[in-house]
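Visitor: Let me give you the structure first, and then I'll get to my questions.
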Amino acid sequence: MALDKATVARIAILARIKLPRSEQEHLARELSAILGWIEQLAEVDTAGVEPMSSVVAMRLPMREDEVTDGDCRDKILANAPAAAHGFFTVPKVVE
Amino acid sequence: MGALTDLTIAEARDGLAAKQFSAREMTEAYIAAMAAARPLNAFLVETPERALVMAAASDARIARGAALPMEGMPLAIKDLFCTEGVLTTAGSRILERFMPPYESTVTAKLWQAGAVMLGKVNMDEFAMGSSTVTCAHGPVESPWRRPGDNRPLVPGGSSGGSAAAVAARAAIAATGTDTGGSIRQPASFCGIVGLKPTYGRCSRWGIVAFASSLDQAGPMTRSVRDAAIMLKAMAGHDPKDSTSAPQPVPDFEAALTGDIRGLRIGIPREYRLDGMPGEIEALWQRGIEWIKDAGAKPVEISLKLTKYALPAYYIIAPAEASSNLARYDGVRFGLRVPGQSLDEMYENTRAAGFGAEVRRRILIGTYVLSAGYYDAYYLKAQRLRTLIARDFAAAFERCDALLTPTAPSAAFAIGEKQDDPIAMYLNDVFTVPVNLAGLPGLSVPAGLSRDGLPLGLQVIGRAFDEATVLRVGGIIERAAAFTAKPAFPAGGG
Amino acid sequence: MAEIIQGRTGAWEAVIGLEIHAQIISRAKLFSGAATTFGAEPNTQVSTVDAAFPGMLPVINRHCVEQAVKTGLGLNAEINLVSVFDRKNYFYADLPPGYQISQYSRPIVGKGKLVLDMPDGSSREIGITRLHLEQDAGKSLHDQHPTLTYVDLNRAGVALMEIVSEPDLRSAEEAGAYIRKLRSILRYLGTCDGNMEEGSLRCDCNVSVRRPGGALGTRCEIKNVNSIRFVMQAIEHEARRQIELIEEGGTVEQETRLFDAAKGVTRPMRFKEQAHDYRYFPDPDLLPLTLDQDWVEALRRALPELPDAKKARFIADYKLSPYDAGVLVGEQASADYFETVAKGRDPKLAANWVMVELYGVLNRLSLGIERSPVSAEALGGLVDLILDGTISGRLAKDVFAAMVETGKGAAAIVEERGLKQVTDSGAIEGVIDSVLAAQADKVAEYRAGKEKLFGFFIGQVMKATQGKANPALLNDLLRKKLAG
């Protein structure tokens, strides 16, 4: 599947990575080459095969309903690029 | 006795026990070696003060007769492991200045086992790479050189800083992580031992995630015995990681009996790639002879989907990564590049914070998960993964371990393969299937290329059977008698 | 109860489906050990997992799973023994990991149903499509600063059940009844407190319009409506808006809208997630959630009696009308209160006292039944005094008012104020005689056929006895005397 510039622009928006128009074509070529190589998978018949999302052969472990964490605002905010009055802050969003 | 920094963990343990030297002396020797190795750009952060404090604690325990299994061992920690109060960047600009308020489970276990932290080592950004060139902090140079050729070589990747530090005697061992070969391939390139344990053996808690269903931490050492000692300290069930296996951790060192008589060792015929250098093939053949000489039985087996593992991996790993890396958004930690709106801030931050390879993989991953492509790419790859795991399961009905080359080539020069992502990806052709199936894999230095560079052989085992993998690896190690030393530090080579 | 909306060009009907986000009652969050208490200082109930710090991993809270299964059982729904957690990927300031852990293709609970009790006593079955477990997001405050949005992650990671209905609802009233019923079931089960003001129950409304019985129209989703009244207003307005739009030749665009409570209108959401491509995929940090059938059955056996069963029992055992039974079972506490009052007494009288007098007082004082100034036992004591003839029903109302006022028991008040009913026929006859003597002209009128004066004489006797005459006895005696 060859990716066109518009598709590259769309996925860059989905991924929230600014992509200058000038790079779209180069990236479209590069990603198309990778996808073209990936598409050799089509040669394998996988009909009826269960998809594997984990190799772990066990049940999902569960924890008890106990408060064991939190109450550490300073720790949570210490790395923040911007914070005020105990909140993280970001450019204003209009809903 | 030679330099302290030439000792393996096992040797240093004996030396400390016999009071031939102190933990402090050994740590000081490594602090000096670490400083001397700065030209390699392996260490991102050096923590000599912390190392000396930890060494003093080791000496106190040794004096009390309460030495721990990794007592006084100065380690390099891959920058993917969160270390409390010590800068952790995952080799990325987007995490510049990030100080984790917690310690990863694996490193915490190492410190609890008495190990000493020397510092944090460089890596491919977010562990995405096979050369340790895609780092925000500049490439790492391998301590090796081709004889008579001073061009800097890559150490392999993504745990290239770890491999370089261990090979250059700037750390007695290092932690690595392996998503598609990131421990084993740099171990092969740098002439050291690298073990990727079974998925679930070591906790992923506190390790910056690349691809959650594939990532696994493991030891990078100068001997198979060291790998066994260090794995025991790193491994174990962690209730904070839902994918961590509640499996007992055996005494891996005790498994190094030197006896592999009667073991059936699978030789997968599909690993004979078209165009693979003859020296790799020859090395592999020598490995087969060694295990035969040791009384094991080579068995030709088939892993017929081998060639599809890599493309399947390049769907699954980027897909998971595209989601795992969404948290780097300039809001709670790391880099923020301002923007007029929230979205603009995100886009500016992520464009500036991620390097080219990470951006490429995030875009691929976003694409293969997006509406209309999910089935054709992501689900297809997941189905392939099932088939690949089944291939291994079938193979292990006929044999106890597999023997393969680790990588299809020796180290290459920095700058080579940089403009061809696919050529770079092919480095991992022998290691990636192991991650997809969640199995343990060990790379052991087995010889030198025509160019005088290290080459490794890989031993693959059943899930949670690192003991057998290490036992077979020990045989290869002994038979190969790999004694070559890198050009750095001077006096080696 | 398909409600027809008359438009300019004819009749229309609304087709409504609701997605309710119900916050699970639990001490800790779904995937982290941080607390869930409402109203804490910003970012004080946040762990490094909730804030999606690098390398942090989710571990599921068993209690939250149990709560979801209990709710599924309460909705007569299929419980899926294997379900899967997926990541729903999108960027937003209060979604730290850039994805919400949710359940997409394999939810923990499948199809179920809920019975609506309509005010006219009829009932209607509404399909439940599914219930799944997911994490809540944090909270963005847009009004604290001129150019910044403030982000509080206390709520991030709190366990939610998303309960999705089939598009079976046909009017704002039905939507309101659906939420009330669902909330009642959740409260009975103790799985969600149903408090809409605190956001523990939030509603997204999918609304479309069509010609009655015709093909489905394009739907709009109204996000995050936080009271039943607003849900009803929003649906009402949105249906009207769509009808007017179509009738003016326009077409309804599928979009997400917000309800402006101040203006009573819906408007398009300005902040739009790019093309809604959520890229769901199974969360590789988690494994499929597997449940044992035995465990599910144990939960089923331990379920409390739910509103529908309780209502049926009230109708059968206490001979209450469906309407009364429906009102009483609405809240577990009121049902329990009623049963305490009714126990060993006349259930209809008990129901009447609870629903008329007690509810009247609670309404006036804006109190929930849990905080009633008169306990169920005390009200039972009052009913006892009525039933054994100690006081009349009329006086009982005064006694009840005094009970509310003073907190004292009925018997004490009756004693204190000398309100004990006069049941001595001789005494009553004496009073009747003097009343009739004083009102000779009225007696004559009565005997001439003006029988409605009977009530007047009753009133006069009651006045003279300060209401203490036993009404039945008085009635009897008076009739005899007047018959002369």
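The values are calculated or read from the model by the stated rules, or taken from the named source; none is laboratory data. This structure is a prediction, so every number in the text was calculated from the model and none was measured. Because the Cβ atoms are built from the backbone with ideal geometry, glycine has one as well, and the counts that use them run over all protein chains shown. Side chains are part of the model used for accessible areas, which takes the heavy atoms of the whole protein and leaves out ligands, DNA and RNA. Shrake-Rupley method; radii C 1.70, N 1.55, O 1.52, S 1.80 Å.
Visitor: For the condition more than 19 Å from B:ASP375 (Cα to Cα) and modelled with pLDDT under 95, what is the one hit in A:ARG63, A:ARG21, A:ARG73? Working first, answer last.
Guide: Details: A:ARG63 fails: modelled with pLDDT under 95; A:ARG73 fails: modelled with pLDDT under 95.
Just a single option satisfies the conditions, and that option is A:ARG21.
Visitor: Going through the range A:25-41 one residue at a time, which ones are of a type outside the set (A, V, I, L, M) and under 15 Å from B:TYR425 (Cβ atoms)? Steps first, please.
Guide: So in the range A:25-41, the residues of a type outside the set (A, V, I, L, M) come out as A:25-26, A:29-30, A:32, A:36-37, A:39-40.
Once the filter is applied, which keeps residues that are of a type outside the set (A, V, I, L, M) and under 15 Å from B:TYR425 (Cβ atoms), the range A:25-41 yields A:GLU30, A:GLY36, A:TRP37, A:GLU39, A:GLN40.
Visitor: May I ask you to say which residue of A:ALA2, A:ALA15, A:ALA47 is facing chain B (nearest Cβ under 9 Å) and loosely packed, with under 14 Cβ neighbours inside 10 Å?
Guide: When all the criteria are applied, what remains is A:ALA47.
Visitor: Here is a further query. Scanning the range B:382-435 for residues that are among the basic types (Lys, Arg) and at pLDDT 95 or above, which turns out farthest from the chain's Cα centre (by Cα)?
Guide: From the range B:382-435, those among the basic types (Lys, Arg) are B:383, B:385, B:390, B:398, B:417; that's our starting set.
Subset that is at pLDDT 95 or above: B:383, B:385, B:390, B:398.
Values: B:ARG383: 27, B:ARG385: 22, B:ARG390: 25, B:ARG398: 28 Å.
Of everything passing the filter in the range B:382-435, B:ARG398 is farthest from the chain's Cα centre (by Cα).
Visitor: Let me ask something else. Of all the helices (runs of 4 or more DSSP H) wholly in the range B:268-356, which have at least 1 residues that are closer than 21 Å to A:ASN79 by Cβ, within 14 Å of chain C (Cβ to nearest Cβ) and open to solvent by less than 50 Å² (accessible area, probe 1.4 Å)?
Guide: B:306-324, B:342-353
Visitor: With the requirement that a residue be in contact with a strand residue (DSSP E or B) (Cβ under 7 Å, 6 or more places away or on another chain), open to solvent by 30 Å² or more (accessible area, probe 1.4 Å) and over 22 Å from C:VAL49 (Cα atoms), what does the range A:54-94 give you?
Guide: A:LYS92
Visitor: Would you pick out the residues in the range C:1-37 that are within 14 Å of another protein chain (Cβ to nearest Cβ) and among the hydrophobic types (A, V, I, L, M, F, W, C)?
Guide: Matches in the range C:1-37: C:ILE24, C:ILE25, C:ALA28, C:LEU30, C:PHE31, C:ALA34, C:ALA35.
Visitor: For the range C:42-53, check the following and say yes or no: at least one residue is facing chain A (nearest Cβ under 10 Å), outside any helix (DSSP H, G or I), of a type outside the set (A, V, I, L, M) and surrounded by fewer than 23 Cβ atoms within 10 Å (Cβ to Cβ).
Guide: Of the range C:42-53, the ones facing chain A (nearest Cβ under 10 Å) are C:42-51, C:53.
Keeping just the survivors that are outside any helix (DSSP H, G or I) gives C:42-51, C:53.
So of that shortlist, the ones also of a type outside the set (A, V, I, L, M) come out as C:42-45, C:47-48, C:50, C:53.
Next cut, surrounded by fewer than 23 Cβ atoms within 10 Å (Cβ to Cβ) only: C:42, C:44.
Scanning the range C:42-53, I find at least one residue that is facing chain A (nearest Cβ under 10 Å), outside any helix (DSSP H, G or I), of a type outside the set (A, V, I, L, M) and surrounded by fewer than 23 Cβ atoms within 10 Å (Cβ to Cβ), so the answer is yes.
Visitor: Could you tell me which residue of the range A:64-91 is farthest from C:PHE31 (Cα to Cα), considering only residues that are more than 7 Å from chain B (Cβ to nearest Cβ) and among the charged types (D, E, K, R)?
Guide: Out of the qualifying residues, it is A:ASP74.
Visitor: For C:PRO307, all conditions in the list (1) surrounded by 20 or more Cβ atoms within 10 Å (Cβ to Cβ); (2) without any contact (Cβ under 8 Å) to a residue 12 or more places away in the chain hold save one; what is the number of the exception?
Guide: (2)
Visitor: Testing C:LEU148 on (1) within 12 Å of another protein chain (Cβ to nearest Cβ); (2) touching a residue at least 24 places away in the same chain (Cβ under 8 Å); (3) in contact with a Ser or Thr (Cβ under 6 Å, 6 or more places away or on another chain), one condition comes back false. Which one is that?
Guide: Among (1) within 12 Å of another protein chain (Cβ to nearest Cβ); (2) touching a residue at least 24 places away in the same chain (Cβ under 8 Å); (3) in contact with a Ser or Thr (Cβ under 6 Å, 6 or more places away or on another chain), the lone unmet condition for C:LEU148 is (2).
Visitor: Same structure, new question: Does the range C:68-82 contain any residue that is more than 9 Å from every other protein chain (Cβ to nearest Cβ), under 30 Å from the mean Cα position of the chain (by Cα) and in a strand (DSSP E or B)? Break it down into steps so the answer makes sense when it comes.
Guide: The initial filter retains those residues of the range C:68-82 that are more than 9 Å from every other protein chain (Cβ to nearest Cβ), namely C:68-82.
Still in the list and also under 30 Å from the mean Cα position of the chain (by Cα): C:68-80.
Filter once more, so that each one left must be in a strand (DSSP E or B): C:79.
Looking for residues that are more than 9 Å from every other protein chain (Cβ to nearest Cβ), under 30 Å from the mean Cα position of the chain (by Cα) and in a strand (DSSP E or B), one finds at least one in the range C:68-82, hence yes.
Visitor: Looking at (1) under 24 Å from the mean Cα position of the chain (by Cα); (2) among the aromatic types (Phe, Trp, Tyr); (3) in a helix (DSSP H, G or I), can you tell me which one C:PHE259 breaks?
Guide: (3)
Visitor: Please state which one of C:ASP324, C:ASP317 is open to solvent by 60 Å² or more (accessible area, probe 1.4 Å), under 30 Å from C:MET355 (Cα atoms) and out of contact with any Ser or Thr (no Cβ under 6 Å at 6 or more places or on another chain). So that I can check it myself, show each step before the final result.
Guide: Values: C:ASP324 fails: open to solvent by 60 Å² or more (accessible area, probe 1.4 Å).
Checking each option against the conditions leaves just C:ASP317.
Visitor: So, in the range B:63-99, how many residues would count as being surrounded by fewer than 24 Cβ atoms within 10 Å (Cβ to Cβ) and at the interface with another protein chain (Cβ under 10 Å from one of its Cβ atoms)?
Guide: First, pick out the residues of the range B:63-99 that are surrounded by fewer than 24 Cβ atoms within 10 Å (Cβ to Cβ): B:63-69, B:71, B:84-87, B:93, B:96-99.
Retained after the next criterion (residues that are at the interface with another protein chain (Cβ under 10 Å from one of its Cβ atoms)): B:97-99.
Here the count works out to 3.
Visitor: In the list C:GLU451, C:GLU405, C:GLU445, C:GLU415, which residue meets the criterion of being touching a helix residue (DSSP H, G or I) at 6+ places or on another chain (Cβ under 7 Å) and open to solvent by 60 Å² or more (accessible area, probe 1.4 Å)?
Guide: Values: C:GLU451 fails: touching a helix residue (DSSP H, G or I) at 6+ places or on another chain (Cβ under 7 Å); C:GLU405 fails: touching a helix residue (DSSP H, G or I) at 6+ places or on another chain (Cβ under 7 Å); C:GLU415 fails: touching a helix residue (DSSP H, G or I) at 6+ places or on another chain (Cβ under 7 Å).
Sole residue among the options that is touching a helix residue (DSSP H, G or I) at 6+ places or on another chain (Cβ under 7 Å) and open to solvent by 60 Å² or more (accessible area, probe 1.4 Å): C:GLU445.
Visitor: If B:GLU49 satisfies every condition in (1) out of contact with any Ser or Thr (no Cβ under 7 Å at 6 or more places or on another chain); (2) assigned to a loop (DSSP other than H, G, I, E, B); (3) surrounded by fewer than 18 Cβ atoms within 10 Å (Cβ to Cβ) but one, which is the exception?
Guide: Unmet for B:GLU49, out of (1) out of contact with any Ser or Thr (no Cβ under 7 Å at 6 or more places or on another chain); (2) assigned to a loop (DSSP other than H, G, I, E, B); (3) surrounded by fewer than 18 Cβ atoms within 10 Å (Cβ to Cβ): (2).
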